[in-house]
Amino acid sequence: LSKDSYCSQHIPSMDIGWGERAAAAMLLRYNLVSHKYGARIGRATSWGLKHVDSRNPFAQYVATAAQTELLGKAVFLEDVRFAPGARAYVFDDREGRVVAAVWRFTLALDYGTENANTMTLNLAGIEPEFFDMMGNGVKGEIIRDGTVERVRLPLGNFPVYVRVAKRHAKRLALAITSA
């Protein structure tokens, strides 16, 4: 068994447990803050975790690749603070769309001792796309109240991405602000 870190990257863990997901979420949040302040940061380096069994965390690879796919060339537009510990960073992806990365952080969420909340967004007429932190498409729970249709999404330590056409950037920010 080699303890060489490069060698261990060829056998990533496939069991994505709570700790691995929480570590990937921490890395994504770090990347989002770095992306927000990118113009003022000369270099941001996040060192990967070294696991006891010498294997690198698979979730971090997939989550970072998904974030890069969504925000690879993006430019930061707005920081939306809408609930205690919650935030959304809105980016122009330079491909005619706007992407909001939304999450809520508490240490208890990362430890798994607190349950994630939900947020309800009024995105009527916007035609949003939702992605989890691993890049999977997510269908939000649709809530109908008379003629008003809202979408309920998880709000926890794992970032969720909301992508809409660029012309709806202000409406998306307003929907998140009033979530």
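The values are calculated or read from the model by the stated rules, or taken from the named source; none is laboratory data. All values reported here derive from a predicted model rather than from experimental measurement. With ideal geometry, Cβ positions are generated from the backbone for all residues, glycine too; neighbour counts draw on all protein chains shown. For accessibility, only protein heavy atoms count, side chains too; no ligands or nucleic acids. Shrake-Rupley method; radii C 1.70, N 1.55, O 1.52, S 1.80 Å.
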If you scan the range 112-132, which residues turn out to be among the β-branched types (V, I, T), more than 25 Å from F76 (Cβ to Cβ) and not in a strand (DSSP E or B)?
T113
Filter pass, L109 being part of a helix (DSSP H, G or I), of a type outside the set (S, T, N, Q) and crowded, with 19+ Cβ neighbours inside 10 Å
yes
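What residue, of N136, N122, N117, is touching a helix residue (DSSP H, G or I) at 6+ places or on another chain (Cβ under 7 Å) and polar (S, T, N, Q)?
On the way: N136 fails: touching a helix residue (DSSP H, G or I) at 6+ places or on another chain (Cβ under 7 Å); N117 fails: touching a helix residue (DSSP H, G or I) at 6+ places or on another chain (Cβ under 7 Å).
Answer to the selection: N122.
Being of a type in the set (K, R) and touching a helix residue (DSSP H, G or I) at 6+ places or on another chain (Cβ under 8 Å) is the filter here; which residues of the range 74-114 pass it?
So the first thing to find is which residues in the range 74-114 are of a type in the set (K, R), and the list is 81, 87, 94, 97, 104.
Listed by number, the list holds a single entry, R97.
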One residue is enough: does the range 25-38 have a residue meeting the conditions modelled with pLDDT of 55 or more, assigned to a helix (DSSP H, G or I), within 22 Å of G112 (Cα to Cα) and open to solvent by 50 Å² or more (accessible area, probe 1.4 Å)?
yes
Can you find, within the range 138-179, the residue that is least open to solvent (accessible area, probe 1.4 Å) among those that are closer than 21 Å to R87 by Cβ and of a type in the set (S, T, Y)?
Y161
List every residue pair whose Cβ atoms lie under 7 Å apart, where the two residues are 6 or more positions apart in sequence or sit on different chains, the first residue falls within the range 155-173 and is touching a residue at least 40 places away in the same chain (Cβ under 8 Å) and at negative phi, and the second residue, located anywhere, is among the polar types (S, T, N, Q) and not in a helix (DSSP H, G or I).
L155/N117; L155/T118; G156/N117
